């Protein structure tokens, strides 16, 4: 999707080989079909791409998350017109629960409208289960004869059997390379092989989750739509820095910002955390090897209060002697031991101060409308952009979110 978004704001890029780089312009995270035809792939290091003989033909961009998120939001809003139940699965994927007697006509309409109103080319797969729908989408994407639309149950039985015999198990939603290797060790190599196995046998030797996948391949609905994906076990905010961090001031700021973002996420999902772990790390290749200090704080009671979480994260600073010249390249905050909000209220006499309930949501709402850095607490609210933010030296226009970067149309 990333490469397609770049072509939306610059139509001259249509059909050109495009690659998009990761945080700090380190490696390729997206490349379109023309770029792949030149020999480039996701995961290629940027320094290797630059040395490639065909590098001069590429259109290269830093990750423009503001643009991608905005276009994704527009696409999800458009999709919601077609179904009462919508599960956004990722920035460029969603499941819809539909009721129609003309599934292909509806799929073509969805594909056409997204292209017309947003500018994004998409593929649509329709099937009785989520796992089959993912296979249908993969088929629509890889086989040109489907023209970007595939209704799985409308494929002739012989053709469908041929497809499943040709696809490896790793083509199935939820089966990654490690699990695929374990299945191969049991002589299960293709989707067709997987469908021939007894689901109970799969449950006993693998997991209940894989058993549900096998049932879904047989057309039995075993994985329901989740209209909003729930935070279950932990929440992590972490990122590598564009430049090494060497001072307490810098690390205090990043811990404050990540703690407040974690508080906002907890509040959004109606959760509170009992344990906070703050961590940092130097480069693995630093002289003497990497150093990864951590601090774990068990809070007095589960909370989503950004003030409490920010103070807790600063416990890490007490474990670091900055006079030694350590150069930190990554830091983050992990929230664990999660509870439903309000599940463990402390008695009045044990409360240590005013509650910050609702504060994280208020800050998030203000920043959503006024900009990410409009409001923050303490070190997390400094107006000057921090120097450690990710490097994006080839950033395209954030044309849908920033007034000073709007597209100019010449008629």
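The values are calculated or read from the model by the stated rules, or taken from the named source; none is laboratory data. Computed from a prediction, not measured in an experiment: that's the story for all the values here. Counting neighbours? That spans all protein chains shown, and the Cβs are built from the backbone with ideal geometry, glycine included.
From the list 70, 90, 80, 22, the lone residue that is in contact with a strand residue (DSSP E or B) (Cβ under 8 Å, 6 or more places away or on another chain) and closer than 28 Å to residue 240 by Cβ is 22.
For every residue, the table says whether it meets (1) more than 25 Å from residue 26 (Cβ to Cβ); (2) at pLDDT below 90.
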| site | (1), (2) |
| --- | --- |
| 252 | yes, no |
| 262 | no, no |
| 269 | yes, yes |
| 273 | yes, no |
| 286 | no, yes |
| 309 | yes, no |
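Going by what's in this entry, would residue 279 be described as at pLDDT 90 or above, surrounded by 18 or more Cβ atoms within 10 Å (Cβ to Cβ) and outside any loop (DSSP other than H, G, I, E, B)? Considered against the rule, which asks whether it is at pLDDT 90 or above, surrounded by 18 or more Cβ atoms within 10 Å (Cβ to Cβ) and outside any loop (DSSP other than H, G, I, E, B), residue 279 comes out as yes. Among residues that are farther than 19 Å from residue 79 by Cα, within 28 Å of the chain's Cα centre (by Cα) and part of a helix (DSSP H, G or I), residue 132 is included. Taken together, 319, 330, 372, 368 contain a single residue that is under 29 Å from the mean Cα position of the chain (by Cα) and modelled with pLDDT of 75 or more, which is 330.
Residues being within 16 Å of residue 175 (Cβ to Cβ) and under 25 Å from the mean Cα position of the chain (by Cα): count how many of those fall in the stretch 193-224. Residues meeting the conditions: 9.
Checking the stretch 170-184 against the condition returns a match, with at least one residue being without any contact (Cβ under 8 Å) to a residue 12 or more places away in the chain and surrounded by 14 or more Cβ atoms within 10 Å (Cβ to Cβ). Taking the listed residues 264, 331, 312, the one that is within 23 Å of residue 362 (Cα to Cα), touching a helix residue (DSSP H, G or I) at 6+ places or on another chain (Cβ under 6 Å) and either in a loop (DSSP other than H, G, I, E, B) or in contact (Cβ under 8 Å) with a residue 12 or more places away in the chain (or both) is 264, with no other qualifying.
Could you tell me whether the stretch 123-131 includes any residue that is surrounded by 17 or more Cβ atoms within 10 Å (Cβ to Cβ), free of Cβ contacts under 8 Å to residues at least 60 places away in the same chain and more than 21 Å from residue 224 (Cβ to Cβ)? Looking for residues that are surrounded by 17 or more Cβ atoms within 10 Å (Cβ to Cβ), free of Cβ contacts under 8 Å to residues at least 60 places away in the same chain and more than 21 Å from residue 224 (Cβ to Cβ), one finds at least one in the stretch 123-131, hence yes.
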